[in-house]
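Visitor: Sharing a structure with you now.
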Amino acid sequence: MAPVFTDPLWRIPVRLNPVEVELLRTEPLRRLHFITHGGATTITTLQSYSRLEHTLGVLALVAHFRPEDELLRVAALLHDIGHLPLSHTFEGIGGLDHHAIGLQVLRAEPIRPVLERHGIGAEAVTAALGGQQLSPLIGRSGLLNLDHLDSFVRSGRAAGRLDADPAVMLTHLDLEESVVSTDHETAASLVSLVCGEARLHTSWDSVGTSSVVRRLAGRLLDNTTLTPAQLARMADPQLWSAFDSCAATRAESGMVRYEPHRLKVVAGHASGDPSGWDFSLRKIYSSAPLVEGERIEVSAPELAAELNALRLLPTTFRVWWS
């Protein structure tokens, strides 16, 4: 009898296929258990759940909407295997891109042999994750996919912003041409979660710690023999250990974990403390479901206006230690 797990957020029971069981026993998938989904934000918030928990949530959603689509289920399991330690925090440092790294990992051992044993081509999974075809896992501009659906709802639960039961919400969700579609009331709940997530990423809780840890990573690469590729495959505990082992990062690594209240953050390029540093967000995530099968701009313009207002959020900051 195949193993069964029930995702605790969506409460979807999933009967795992043999290839899924074998993939979940590989190092790249196990590693995700030790990568925090919220990245450096986990230092100052309760965003402490792992990339593996999110990955299993996305698998659960695919199993709910497309239970017989083996390729899509496998792609859901593998969609985040390229993530860096602390998730998005180091994206771009040393040219690191978790999407590109993930595609490399799934084409190599131990993932590729597992796929081949079950008659699945690594290139087919690559195509499903690379945007060459319409997929519920790949975002189209401004439209909500299953990956981001799970992220917004799971983060909202951790932050206490979730005002709906996800299992009930699920009964009002559908896929139309690989895009999440729903009714007006559920769309309003989802837009609220999207906006809450954007405000979290532009808040002191996220900006202060993320900016410090990015600085520490750069300093670690400059002062040790560690390469960007080696950094990319660390898990969070290994990264913190590396920070603590390096004289150039040890003190500030302790400060950001145990004294984050000393961080000061202002929007823009205000002068602040001369010992401070500038920090810019790479992007603010914003996507919307279809509402009654139509784009939100047409079917719910007031909700579209809420999302458009996110463009006014600051994306550049000045940070310093008090």
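A short reminder: the numbers here are calculations on the coordinates, not readings from a lab. Fair warning: this is a prediction, and the values are worked out from it, not measured in the lab. Here the Cβ is made from the backbone with ideal geometry for all residues, glycine too, and neighbour counts use every protein chain on show.
Visitor: Hey, fewest Cβ within 10 Å first, where do 27, 68 land in order?
Guide: 68, 27
Visitor: Magnitude of the Cβ-charge dipole of region 4-148, K/R +1 and D/E -1, about the Cα centre, nearest 20 debye?
Guide: 160
Visitor: Could you please rank 65, 152, placing first whichever residue has the fewest other Cβ atoms within 10 Å of its Cβ?
Guide: Sorted ascending by nearby Cβ count, the order is 65, 152.
Visitor: When only C-alpha pairs under 8 Å and at least 6 residues apart count, what is the relative contact order of region 4-148, in percent?
Guide: 20
Visitor: Checking the a/c ratio against 1.5 first, then a/b against b/c, what shape does the Cα gyration tensor give for region 1-109?
Guide: Oblate.
Visitor: For the charge dipole of region 153-252, defined by +1 on Lys and Arg C-beta atoms and -1 on Asp and Glu C-beta atoms about the Cα centroid, which residue among 216, 203, 159 has the Cα displaced farthest towards the positive pole?
Guide: 216
Visitor: Let me ask you something else. Using helices alone, what [θ] at 222 nm do you get for the chain, with -39,500 (n - 2.57) per DSSP H run of 4 or more residues, divided over all residues and rounded to the nearest 500?
Guide: So the helix-based figure for the chain works out to -14000 deg cm²/dmol.
Visitor: Which of 321, 61, 300 sits farthest toward the positive end of the charge dipole of the chain, with +1 on the Cβ of Lys and Arg and -1 on the Cβ of Asp and Glu?
Guide: Toward the positive end, the furthest listed residue is 321.
Visitor: Let me ask something additional. Could you please report the charge total around residue 199, scoring K, R as +1 and D, E as -1 over all other residues with beta-carbon less than 15 angstrom from its beta-carbon?
Guide: Within the 15 Å Cβ shell, the charges total 0.
Visitor: Quick one: net charge around residue 310, please, counting Lys, Arg +1 and Asp, Glu -1 for every other residue with C-beta under 10 Å from its C-beta.
Guide: Net local charge, residue 310 excluded: 0.
Visitor: If one computes the Cα centroid of region 1-70 and of region 234-268, what distance in Å separates the two points?
Guide: 28
Visitor: For the chain, with only Lys/Arg (+1) and Asp/Glu (-1) charged at the beta-carbon, what is the dipole magnitude about the Cα centre, in debye rounded to 20?
Guide: For the chain, the charge dipole is close to 1160 debye.
Visitor: Quick one, which of [x] 28, 49, 22, 1; [y] 31, 57, 12, 0; [z] 31, 51, 13, 4, 1 is the actual P(r) over Cα pairs in 20 Å bins from 0, in percent calculated for this model?
Guide: The calculated read-out lines up with [y].
Visitor: Quick check: net charge around residue 214, other residues with Cβ under 14 Å of its Cβ, Lys/Arg +1 and Asp/Glu -1?
Guide: -1
Visitor: Another question about this same structure. Test of understanding: ordering 197, 70 by Cβ neighbours within 10 Å, fewest first, what list do you get?
Guide: By the 10 Å Cβ count, ascending: 70, 197.
Visitor: I need to check one value: relative contact order of the chain, counting alpha carbon pairs closer than 8 Å and at least 6 residues apart, in percent.
Guide: 19
Visitor: With the crude spin-label approximation of a point 7 Å out along Cα→Cβ, what separation in nm comes out for residue 292 versus residue 250?
Guide: Between residue 292 and residue 250, the simple spin-label model gives 6.5 nm.
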